[in-house]
Structure formats: C-alpha cells, structure tokens
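One structure below.
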Amino acid sequence: MKLSPVEMSLDQRKADLIWHVFIDPADGNYLTARWAYENGLFHQFYWDAAQCLEKLMKAALLLNNIDVKEHDHDLTVLFGALSAIDHTGLLPRIIKLPDTTAQGRETWEGQPYSLFIEDMDRFGSADNRYGNIGTFVNGPVIHILDEVCFYLRIFLRKITSLMTISTELIVKIRTGPTKSLVLWTG
C-alpha cells in the first residue's frame with residue numbers, strides 16, 4: 001500500500017527524498033562508470049565512479065543525520081566522515097581483490113581503501129573534468145569500485161533497516177532499476 005507524504009513519518013519522507021536525490025542517480029553513475037571502463041573510456045569512468053561514490057557516501061551520512069554541506073565534493077573527507085561513524089566495522093579498511101591476471105593488481109592488493117578514494121577524488125574531480133590532470137588507470141580499479149559500492153550499499157541497508165520506511169520504498173529497493181535485489185534483501 002502506497003503511503004502519501006502526509007501519512008509518512010518524517011524519517012520515511014527523509015529516506016524517500018534521499019533515495020530520489022542521491023541513491024537513484026548514484027545507480028546511473030555506477031552503471032555508466034562500468035560501461036565506460038569496459039569500453040576504454042577511462043576519463044568518463046573516473047568521472048562517473050567519483051559521482052557515484054560521492055552520492056552514496058552523502059546518502060549514508062544524511063541518513064545518519066550528518067550535514068554534508070561542509071564536505072562539498074571532497075571524497076576523502078566524505079569517506080573519513082563515513083569511516084568515523086562506522087562503529088560496526090562494516091566498511092572494510094583494506095583492499096582485497098579477486099584472483100585476476102589484470103596488470104597492476106599488486107599495486108592495489110592490501111592497500112587501504114582510502115588510497116582508492118584519493119585516486120577517485122583526484123581523477124574524478126571537477127578539477128579534472130577537462131582532463132587537466134589526466135587519467136591513469138593502474139590495475140583492476142573496476143573491481144575496487146564494485147567492492148566499495150557493494151559495502152556502501154550494505155551500509156545504507158543497515159541504516160534504512162533501523163528506520164521505519166514505507167512498503168513502496170522497500171519494494172523499490174528490492175526491484176529498483178539496477179535490480180539490486182542481492183544487495184538489499186535480508
């Protein structure tokens with residue numbers, strides 16, 4: 001049954017708004033980043049990957065009642081703020097890549113996630129939108145993006161499971177445009 005905004009609690013309306021403003025567009029950025037990487041458009045990959053990460057991290061912070069205005073678009077600051085509230089250790093600290101023959105795997109394996117976030121922040125920032133900084137793809141960064149997004153989604157799920165949200169929003173989460181059923185079901 002669909003609840004009207006008047007029938008929703010403040011937390012439900014907040015979660016619904018955050019979903020529409022941050023999480024839905026992050027899904028589009030994630031899919032575009034994956035497509036760009038697979039097609040060798042690495043500059044576009046970095047831009048969309050950074051946009052995706054920024055939106056997911058801001059959504060998680062907002063759902064925790066943390067103001068994100070002061071964080072601007074700085075992924076390293078957002079990641080630091082998110083790590084500070086991760087008291088359960090849900091977000092991994094060290095990169096563990098799947099076995100792959102991709103060149104550069106050893107560059108990332110065992111490194112802190114903060115190093116990947118710095119890389120995304122540098123090459124995916126607005127300062128690099130015209131390629132002023134350049135683009136450097138070293139290793140299977142797509143696997144790291146997948147893993148970071150996966151853990152951010154789990155983190156978001158944990159937050160929203162603590163809130164009472166509408167049946168319609170739960171259905172949307174489970175059957176959304178990216179078919180993220182595996183990430184969101186309990």
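The values are calculated or read from the model by the stated rules, or taken from the named source; none is laboratory data. Keep in mind that what you see is a predicted model, and the values were worked out from it rather than measured. We place every Cβ from the backbone using ideal geometry, glycine too, and count neighbours over all the protein chains shown.
General remarks:
- Taking the criterion of being within 19 Å of Q51 (Cα to Cα) and basic (K, R), the residues of the range 99-152 that qualify are R122, R129.
- Extreme residue, surrounded by the most Cβ atoms within 10 Å (Cβ to Cβ), among residues of the range 1-25 that are of a type in the set (D, E, K, R), more than 22 Å from C52 (Cα to Cα) and touching a residue at least 12 places away in the same chain (Cβ under 8 Å): D11
- Among the residues examined, L90 qualifies as within 16 Å of the chain's Cα centre (by Cα) and more than 20 Å from D24 (Cα to Cα).
- Selection within the range 78-89 - in a loop (DSSP other than H, G, I, E, B) and surrounded by 14 or more Cβ atoms within 10 Å (Cβ to Cβ): D86
- Residue within the range 80-88 that is in contact with a helix residue (DSSP H, G or I) (Cβ under 8 Å, 6 or more places away or on another chain), of a type in the set (D, E, K, R) and closer than 15 Å to R157 by Cα present: yes
- Of the helices (runs of 4 or more DSSP H) that lie entirely inside the range 95-186, those containing 3 or more residues that are at pLDDT 90 or above and not hydrophobic (A, V, I, L, M, F, W, C) span 113-123, 141-161.
- Residue in the range 113-122 that is small (G, A, S) and at positive phi present: no
- Residue that is touching a Gly at 6+ places or on another chain (Cβ under 9 Å) and either modelled with pLDDT of 90 or more or part of a loop (DSSP other than H, G, I, E, B) (or both), where the choices are Y46, Y37: Y46
- The range 95-113: number of residues that are farther than 17 Å from F136 by Cα and of a type outside the set (D, E): 10
Every residue, every condition in (1) touching a Leu at 6+ places or on another chain (Cβ under 6 Å); (2) modelled with pLDDT of 95 or more; (3) more than 18 Å from F150 (Cβ to Cβ), yes or no:
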| position | (1), (2), (3) |
| --- | --- |
| R13 | no, no, yes |
| Y30 | no, yes, no |
| C52 | no, yes, no |
| L63 | no, no, no |
